[in-house]
Amino acid sequence: MKSLLLLLPFVLFDSTALGKPNVVLFLADDMGWMDSGVYGSQYYETPNIDRFATRAMRFTNAYSQPLCSPTRGSLLSGQYTARHGITTASGHQPPQPAGHVFLPQTAPAKDPMLLPESKNYLEPAQITLAETLKSAGYRTAHIGKWHLGLTQPYWPEQQGFDVGFHCHPDPGPPGEYFSPYGVLPDGKPGGKTKVGTITDGPQGEYIVDRQAAEAVKFIEASKGGPFFLNLWCYGVHGPWGHKVEYTKYFAAKKDPSGRQGNPIMGSMLKSVDECFGRILAELDKQGIADNTIIIFTSDNGGNQHSNTTSEGKKSANEDWQKWAGNQPPTMNTPLRDGKGTLYEGGTRVPMMWAWAGKIKPASTSEAVVGPIDVYPTVIDLLGIAKPEQQVFDGVSYAKVLKGEGELKREAYFNYHPHAGAHRAGGVWVRSGDFKLLRWFGNPGTHELYNLREDISEAHDLAATMPDKVKELEALIDGFLKDTGATYPRPNPAYKPVADKAPVQANKDPLAAWKERGCKATVSAGIVTVKSTGRPGAAFLGHGMAKMNGPAAVRLRVRSAAGGAGKIDSLPNTASDPNLIHSVPFAVKAGEWQDVQVEISEKGPLGTLRVYLPDGEVDFIEVAPVKGKGQRWDF
């Protein structure tokens, strides 16, 4: 019998014998799929999250929305964003009045599309996860960022939470992460006036630490009965307040993979990890860890677009430049792009569940899941019936968690209809290994990827697999109809403005980059470089106009064989080798990788040469410390 106990501890222990299980939902903000040790980072240090994985089931195909408010609305409603209506990060804006039309019927003739507007609040009529648990006898608390309604009728207390620690408006934390937070108990929220239940702590208190303290206080006060703790962490969202002592440590550290290296993000993730660790420790202290369902996830993919130039708020920018230069907050390699986009880097996130005796520890699942599924899965695990009045898009994957079966799902959707007047956003469907993106436009376009073979979304199969495109298109059509999506439509009044100059039929696909010692061809936004001369002599060159160093050069590359590369800056096309600033880098063989090279010399960049081994280039970006940079996506 002893050997059986060792082999099957998760089967034999019945945690429900202890009473109704507690529920903890920990939501990180802007934490990417690759931003913890257990998911592959070799730079960030997340020991508590990593240890949690040893007692949890870890999902490798978990999704969020590209931005935070939509994900939060889906977590609490169990609905796709196309149904609940919050489709962008607008939860800090004034709520629209009753009868508001979210898809205009007309638009100026210069606009090709009729563009929908996001709801700025979660409907009070929604029967939220918190309300369902409260009706089942749970004490409920929301601690942290809300971003689902600016004014009091839309605050957590009106959506089923007994205890609240929050403020509004709240795209980011109050006090720029540090006390005094300056939150008023009453008044009209908006602009710099924050109103809510957050009170000041000691001078310099870090808001993420305070969230942990409030969570501990709630757990202690709730130990006599079941509780639902909904902790939505402020970290690691902007304005990137950080503990300098942690940042100094990460500033001296290098990522052996070359993928990540932002010391501010390293510092902030350490604080998030500590917050999560304090909650786990308190559950252990109270003797209730084994009777608690714990969920860890993030609201969207990692941010790899902010702070890549010196423009912006002076004080915040100076601090960023001091520690991180022109680095973005994080890098999501091997995933493509990041927060705010429909590519995998913007929507694939960490997701882990633990429940002693029910969920096999240190296990993984490839099931495709998302925020719409959390609500139905939690109540299924608890044996609570779905509220009849609530419409659910999500499904329970309790059987996956308990090792009792697979999730039978034909398709999962992601909807983000926002990208500006001439770029109308899009929607994607994932069915099996295939993902089809439909970009709304006039006309619309598609991209098709096999994610099992191409997780970096580098090879668009739409042109070579028209039958698969047609099959998945039909699923998207059904999704838009079923959810009542207010998706972008062509503007019937649109009148294209004639170009002042005729469009050149032979537009340069290399966008003025010159191929030297190689043949460079462009297909589906990817430049393929093949050497035609001596090894190490192949490069792409481009004049940098008025850009000056210091500057960061970022590129996304892939090479089957790997090899050496370098960036040369030739001020005023200098021929004197003493005036050429050269910085080497290495390209590893195999998958896509993000490379960042720092040109430290001041003065004109002149001509930039990017030397590469044979391979592929997704983009090249030049970001000066001062002034405007440029990115080439080909």
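The values are calculated or read from the model by the stated rules, or taken from the named source; none is laboratory data. Bear in mind that the values here come from a model prediction, so they are computed numbers and not experimental data. Positions of Cβ are generated from backbone atoms using ideal geometry, with glycine treated the same way; all protein chains shown enter the neighbour counts. With ligands, DNA and RNA removed, areas are computed over all heavy atoms of the protein, side chains included. Shrake-Rupley method; radii C 1.70, N 1.55, O 1.52, S 1.80 Å.
Here is how the numbers come out for the structure above:
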read-out	value
Dipole axis of segment 372-482 (+1 Lys, Arg; -1 Asp, Glu on Cβ), positive-most option in L436, L480, M465	L480
Linear extension gain, A362 paired with A281, 0.36 nm per residue minus alpha-carbon span	27.3 nm
Extension gain from S523 to T193, taking 0.36 nm per residue of separation minus the Cα-Cα distance	113.8 nm
Cβ-Cβ FRET estimate between N317 and Q203, R0 fixed at 30 Å, reported to 0.05	0.80
Listed peptides 557-566, 83-92, 410-419 by packing density, highest first (mean Cβ within 10 Å)	83-92, 410-419, 557-566
Per-pair calculated FRET efficiency, R0 = 22 Å: R452 and A561 via Cβ, rounded to 0.05	0.40
Cα-derived Rg to Rh of segment 121-181, Kirkwood definition	1.01
Surrounding net charge for G261, when Lys and Arg each add one and Asp and Glu each subtract one, Cβ distance under 14 Å	-1
The chain: angle of helix 314-324 to the longest principal axis, Cα-based, in degrees nearest 10	80 degrees
Residue-averaged 222 nm ellipticity for the chain, from DSSP H runs of 4+ at -39500 (n - 2.57), nearest 500	-6000 deg cm²/dmol
Cα Rg, Dmax (largest Cα-Cα span) when computed across segment 170-217, Å	10.7, 31
Solvent-accessible area, 1.4 Å probe, carbon plus sulfur percent, for segment 109-201	55 percent
Contour excess over end-to-end distance, with Cα ends at K530 and Q158 and 0.36 nm allotted per residue	127.8 nm
Within-13-Å neighbourhood charge of A98 [Cβ basis; K, R +1; D, E -1]	0
Probe 1.4 Å, protein heavy atoms only - accessible area per residue of the chain in square angstrom	41 Å²
The chain: translational diffusion in µm²/s, Stokes-Einstein, Kirkwood Rh over Cα pairs, 10 °C, 1.306 mPa s	61 µm²/s
